[in-house]
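Structure, as structure tokens:
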Amino acid sequence: MHKQLFDFADPAAVKAWQAIDDRVMGGVSQSRLRFDPNGHAVFEGEVSLARNGGFASVRSNPGERGLAGATTCLIEVRGSGPSFKLSLLTDDGFDSLNYQFGFTPASPGWQTLHLPLAAFRATFRGREVAGAPALDPAAIRQVGLMIADRQAGPFALEVRHISLIGTDATGTPLQR
């Protein structure tokens, strides 16, 4: 089973996303997700540590994004340098529990990362939440990208697509 969440070859896909930067708590970091005419999105901006800042993020609008039985999130990215986080949320709230997985693009070329849903950690406002329920892949409503951990300076991460995959009857992961 496979569910494409976002195909950024379509310029309309970026319109479902908005910035949620440290400005919500007085910081001055800035980010955006924009369409690149070469057929992908670019998560870009600048993280500033001024005024107790230190993160920038973008998040999709709520929608039916879940897939029962999904085991892995695929994200095709290109970039080098800082570490990022992919966030999955199971409600429509602005300030709610995030399930996050950190990744660092390993090369300047395009790569498809296979992020196991079981490894996503529940966080709230940047802190891990002990005892939180495991991520329910059927309940995913929002998707986000974030740069945090006080990685100051300009950044850019190119993204082609984000999808969920499950396993077949033998337990073998299905490929895109």
Practice prompt. Could you figure out which of (1) surrounded by 16 or more Cβ atoms within 10 Å (Cβ to Cβ); (2) of a type outside the set (Gly, Ala, Ser); (3) assigned to a strand (DSSP E or B); (4) under 14 Å from the mean Cα position of the chain (by Cα) isn't true of Pro105?
Written response: (3)
Practice prompt. Report, ordered by the first and then the second residue, all pairs with beta carbons closer than 8 Å, sequence separation of six or more or different chains, a first member in the range 1-19 that is in contact (Cβ under 8 Å) with a residue 12 or more places away in the chain and among the aromatic types (Phe, Trp, Tyr), and a second member that is buried (at least 17 other Cβ atoms within 10 Å of the Cβ) and not in a strand (DSSP E or B).
Written response: Phe6/Ala13; Phe8/Val14
Discussion item. Looking only at the range 19-55, filter to residues that are of a type in the set (A, V, I, L, M), buried (at least 17 other Cβ atoms within 10 Å of the Cβ) and touching a helix residue (DSSP H, G or I) at 6+ places or on another chain (Cβ under 7 Å); which one of those is farthest from Tyr99 (Cα to Cα)?
Written reply: Ala41
Worksheet item: For Gly93, are the conditions met, namely being part of a loop (DSSP other than H, G, I, E, B), modelled with pLDDT of 90 or more and surrounded by fewer than 21 Cβ atoms within 10 Å (Cβ to Cβ)?
Response: no
Worksheet item: Does the range 67-119 hold any residues that are touching a Leu at 6+ places or on another chain (Cβ under 6 Å), under 17 Å from Ser163 (Cβ atoms) and small (Gly, Ala, Ser), and which are they?
Response: Ala70
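The values are calculated or read from the model by the stated rules, or taken from the named source; none is laboratory data. Just so you know, these numbers come straight off a predicted model, no measurement behind them. Here Cβ is always computed from backbone atoms with ideal geometry, including for glycine, and neighbour counts include all displayed protein chains.
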